[in-house]
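Data block below; observations after.
The values are calculated or read from the model by the stated rules, or taken from the named source; none is laboratory data. Values in this document were obtained by computation on a predicted structure and should not be read as measured data. Cβ sites come from the backbone with ideal geometry, for glycine too, and all protein chains shown count toward neighbours.
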Amino acid sequence: MARVERLICESAALEEDGRGVRFELHPQAPGAQTGFAIRSAGIARAYVNRCPHMGTELDWQPGEFFDIARLYLVCSTHGAMFEPGTGYCVAGPCRGASLERLEIREREGRIVLLTDSAGTNREEPDAP
Ligand code: FES
């Protein structure tokens with residue numbers, strides 16, 4: 001299946017260890033599941049916005065994923081803390097678990113999500 005790129009945001013929208021960007025994971029079903037992108041150590045990364053503890057979204061305000069010290073991503077529900085570079089949980093009720101990582105690329109000033117489909121329900125054409 002062909003790889004498809006979908007624009008998430010402009011590169012400048014991701015602050016270093018600061019505000020991130022939420023986005024729909026399934027644009028054809030708004031609200032079903034969100035992902036988020038952040039920047040840490042200069043590298044843009046993205047994860048499914050779902051805490052491994054109870055499945056809630058992480059951000060404590062829309063787009064705010066880092067703790068006050070800007071060292072870890074923090075779950076707003078029970079305070080689990082995750083390494084921004086790996087999504088690995090270092091403290092909290094789901095310690096040892098990880099956020100689900102999403103494949104993104106940064107090029108030409110934009111952050112794009114890579115998916116295996118167009119991110120829609122469109123069916124693939126039949127092979128000739
Ligand atoms: S739901 Fe995230 S720590 Fe409980």
Being of a type in the set (Val, Ile, Thr) and surrounded by fewer than 16 Cβ atoms within 10 Å (Cβ to Cβ) is true for just one of ILE43, ILE111. Which residue is that?
ILE43
Can we say PRO27 is in a loop (DSSP other than H, G, I, E, B), away from the ligand (no atom under 15 Å from the Cβ) and in contact with a strand residue (DSSP E or B) (Cβ under 6 Å, 6 or more places away or on another chain)?
no
Just wondering, is there one or more residues in the range 114-124 that are over 19 Å from the mean Cα position of the chain (by Cα) and at pLDDT 95 or above?
no
Residue pairs, Cβ under 6 Å, 6 or more apart or interchain, first in the range 59-72 and within 17 Å of THR34 (Cα to Cα), second of a type in the set (S, T, N, Q) and surrounded by 12 or more Cβ atoms within 10 Å (Cβ to Cβ). List them.
TRP60/SER76
For the range 30-58, give me each residue that is touching a Pro at 6+ places or on another chain (Cβ under 7 Å) and within 16 Å of the ligand (Cβ to nearest atom).
HIS53
